[in-house]
Each structure stands twice: as structure tokens, then as C-alpha cells.
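What follows is one structure encoded as C-alpha cells, with my remarks underneath.
The values are calculated or read from the model by the stated rules, or taken from the named source; none is laboratory data. Since we're looking at a predicted model, the values are computed, not measured. So basically every Cβ, Gly included, is an ideal-geometry build from the backbone, and we count neighbours across all protein chains shown. Ligands, DNA and RNA are stripped out before the accessible areas are found, and what is left, the full protein with its side chains, is counted by its heavy atoms. Shrake-Rupley method; radii C 1.70, N 1.55, O 1.52, S 1.80 Å.
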Amino acid sequence: MIPTIGVFARSPDRGRGLARDMAVRWALAECGQDYRIDPLAFADLNAPEHKARQPFGQIPTYEDDGLVLFESGAIVLHVAQAHPGLLPTDAAARARAVAWMFAAVSTLEPVIVERETALLLEGDCNWTAARLPLLDARIMRRLDDLAAWLGPRDWLECDFTAGDLMMICVLRRLASSGLVAAVPVLADYVARGEARPGFVTAFAAQRALFAG
Ligand code: GTB
């Protein structure tokens, strides 16, 4: 079966690969798995048909052989369990890789999304300018700890895993902030991920939606 993923028909990032379907596309590309896309307009997201797939009216979704999944991390985990290449076979190493997936979405991503929300939805509020340095400091604390862990390694554990894939997708959302660029170990880490053939393929596929 070829899975179908639900994606934005026109992502607000205009093809920069910042929406969360990018992680799913990248995981599938790393595994050499073809997929179809179901491009959704914003107006489609809250339709009952879509909410039956994604209870919160969001993308990405994933459908394959009767299985309907939501949550990008859960989808990537499912793909990584179904194909070789994104999770180690050793049980302990596999558990470490999964821990990094959770770290990406539950320790790094929330502070990053809080900054995005402040800029996008509260940009006009008179407290935002004062709050931004606090949000940046919270993010930098996480980035410094992550960089200290990474040190001279290429990846979070021995080999590239779904943990790196999720972490790099989360870090990419800071591209316009300059915060990752300020931590060379992390800037290099993100660049290593972006240079992987799987990333290049996935990035081109999501960008193609903006070709017309
Ligand atoms: N926890 C869920 C997951 O990981 O799957 C979160 C899914 C989610 O936030 N989806 C967003 C969505 O559908 C798109 S990715 N939003 C519509 C809605 O909630 O109504 C978030 C996103 C969107 C756009 C950019 N961008 O343009 O830069 C970046 C990230």
C-alpha cells in the first residue's frame, strides 16, 4: 500500500518546509517509501470528514491500509517502526532514539512555539516586545543544553535516527530567529540533516506545491 498524508494545499511558509508534514515526508523519504498527498485548504481542516482523521483539525494526517493516524511524532514513529533505517534494532538504543523524539516535541518545541505564537498572534500587544527576550532566553537555555550534549558528534546518539529527524525539524522552525545560527554546533547539526538525500527529496516534494 502507498500511504496518503494530509498536508496544507498552500502552507503559510510558502515552501520552506516548516509545517509538520515535513517530518513525515522526510521519514518516508529516508525509508524509500512513496506516498500520496491529500492537499487541504484551511477551510477543509474543520470539516467533519477531516476531523474524523485529525480530531483537532490540523495537518499532518496519515492513512495506510485502514490505519488512520495523526500527530507528526506518532506518524514518524509508526513509519520508523515499519521500515528499517530510522530506529536501531538494539532495544536500548531504540528506546534512546524514541526519547529524543519526545525531547524534540515536548522539551524543545513548546518553547519555540510559544515564541512563534507571541510574534504571530500577539505581535500587536504592548507586552510582546518586553516578553520576547524572556522567550528567547528560555529557548537559548534548551539550545545550549542540546549543543552541550551534541558536542563533537554528528547525531544525538551513534547513528542518525528518527530522534534526529524530529529534532532537526523542530530546530528548523527557528530559522528566521537567528537563535540556532548563534549556536554553531546546532547550526552545523541542522545543516547535516538538511544535506541528507531523504531531506532533500522531501523538501523538494513539499516545495513543488508552490511551483504553480
Ligand atoms: N502536535 C501536532 C502534530 O505534531 O502533528 C500539531 C499539528 C499542527 O500544529 N499542525 C498545524 C496546523 O494544522 C500545521 S504545522 N495548523 C492549522 C490549525 O491548527 O488550524 C504548524 C506550522 C504551520 C505553519 C508554519 N509556517 O508557515 O511557518 C509552521 C508550522
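In the elastic network of the chain, a GNM with C-alpha springs shorter than 10 Å, the most mobile of 124, 154, 144 is 124.
For the chain, the relative contact order works out to 28 percent when only alpha carbon pairs closer than 8 Å and six or more residues apart are counted.
The distance linking the stretch 160-212 with the stretch 65-101 is 19 Å (Cα centroid to Cα centroid, whole angstrom).
Here the stretch 50-109 is described by how far its Cα atoms reach on the three principal axes: 37, 30, 13 Å, from widest to narrowest. Sites listed here are trypsin sites (Lys or Arg not before Pro) in the stretch 138-212 whose DSSP assignment is loop and whose Cβ has at most 10 other Cβ atoms within 10 Å, and the list is empty.
A 1.4 Å probe run over the protein chains yields, for the chain, 50 Å² of accessible area per residue, whole-number rounding. GNM remark for the chain: springs join alpha carbons under 10 Å apart, and the peak mean-square fluctuation among 135, 28, 174 falls on 135. Calculated translational diffusion coefficient of the chain (4 °C, 1.567 mPa s; Stokes-Einstein with Kirkwood radius over alpha-carbon pairs) equals 72 µm²/s.
Sorting 4, 128 by solvent-accessible area of protein heavy atoms yields 4, 128, largest first, with a 1.4 Å probe.
Its Cα centre serving as origin, the chain has a Cβ charge dipole (Lys and Arg +1, Asp and Glu -1) of approximately 340 debye.
For the stretch 91-195, the residue among 140, 101, 128 whose Cα projects farthest onto the positive side of the dipole built from Cβ charges is 101.
Nonpolar atom fraction for the chain, defined as the carbon and sulfur part of the 1.4 Å probe accessible area, stands at 58 percent.
Rounded to the nearest 5, what % of DSSP beta bridges with both residues in the chain are antiparallel? Expressed as a percentage, antiparallel bridges in the chain total about 60. Sparse packing (at most 15 other Cβ atoms within 10 Å of the Cβ) combined with a DSSP loop state is found for the following chymotrypsin sites (Phe, Trp or Tyr not before Pro) in the stretch 30-76: 56.
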